[in-house]
Every structure is written in C-alpha cells, then in structure tokens.
Amino acid sequence: MGGMMKRLVRTATMVGLVASLSACVASYRNHGYVPNDEDLNALVVGVDTRATVDDVVGAPSASGVLSGGDYYYVRSRVREYGAYRPEVIERQVLAISFAEDDTIANIESFSLADGNIVPLTRRVTDSSVVGNGFLRQLLGNFGNIDPGDLFN
C-alpha cells in the first residue's frame, strides 16, 4: 500500500507542476484586418475611388465618423501571460483618406513603433449619480413611488 501511495503522490505532484507551468505560457490573440502590400500596391492615389478600394481590399470594419468618411483598417496582436493584464504588443492602423471627388487622397500606415497612441474605443459612461452616496440614492427614491402604480 505504501508504494501505491508514493506513486499517487508523485503523479499528483507532476500534474500540479505541469498545470502550474502551463499557466506561465504566453498566449496570443489576433484581432482585425489590414490589407497586404500587394493589394495596396494595386491602388493608385488620385485615380482609384472608394468603390475600387471596396473591390480590391474590401470594406473596413471602421470608417470615418460620418458615412462617406475615411477608411481605417486596424489589426492588433495581444499577449496574455498568466495573471498579468493583457498587453497589446503590435498594432497596425491603415488609413485611406478620400478627396471631395471620392478618389483616394492619401494612404497612411501607423504602428505602435511610430509612437502614436491610437485609441480604438473609449468606454466612458456618463453617470447621473456622480457625487451621490449609496444612502442618498436609496433614500432619494422614496418620493418617486406612486402608490397607484402598485395596484394596476
């Protein structure tokens, strides 16, 4: 029985060791799409139009603020390592701007190495309860109750 117990402890120790080491392996996620150089070389600034860009490289997932705005293609590579915060290790942004006559005005490419911070999203929710504590919020609702709504 003693030999079997040692074998069980050794197996459990090995499983624990393998599980703890696998948690230390970095994993990578890729998001987004940026057209390759061959497709971009097919586009001619000042000649090709928005429709040509849609046909050659495809429509982007993000365009300018208004319809008919510039095109932005974004690709990111994120490293996740154990319990650490995910880190963006590579980001490419391709911006295609259009002139008034809908032809390509400029094609620019940016990356993290350029030093330009490109915020992809801004998740700020404006709250109407700023400066109100929990009790003030709780007690402030007592005057807003209409007893007639409870019986309908």
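Rule-based calculations on the coordinates, nothing more; no lab input. Bear in mind the structure is a predicted one, so any value in this text is a computation, not a measurement. Cβ atoms come from the backbone with ideal geometry, glycine included; neighbour counts cover every protein chain shown.
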Checklist entry - If you average 1/r over every pair of different alpha-carbon atoms in segment 24-115 and take one over that average, what Kirkwood value in Å do you get? => result 14.5
Next on the checklist: How much length would be gained if the chain were fully extended between residue 85 and residue 44, taking 0.36 nm per residue of separation minus their Cα-Cα distance, in nm to one decimal?
Outcome noted: 10.6 nm
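At a 10 Å Cβ-Cβ cut-off, how would you order 73, 33, fewest neighbours first?
Fewest-to-most ranking of 73, 33: 33, 73.
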Next on the checklist: For the pair residue 29/residue 149, report the inter-label distance in nm, with labels modelled 7 Å from Cα in the Cβ direction.
Outcome noted: 3.9
Checklist entry - What list of ³J(HN,Hα) values in whole Hz, one per residue of segment 5-16 in order, does the Karplus curve 6.51 cos²θ - 1.76 cosθ + 1.60 (θ = phi - 60°) give from phi, with Gly and Pro shown as x? => result 5, 5, 5, 5, 5, 5, 5, 5, 5, 5, 5, x
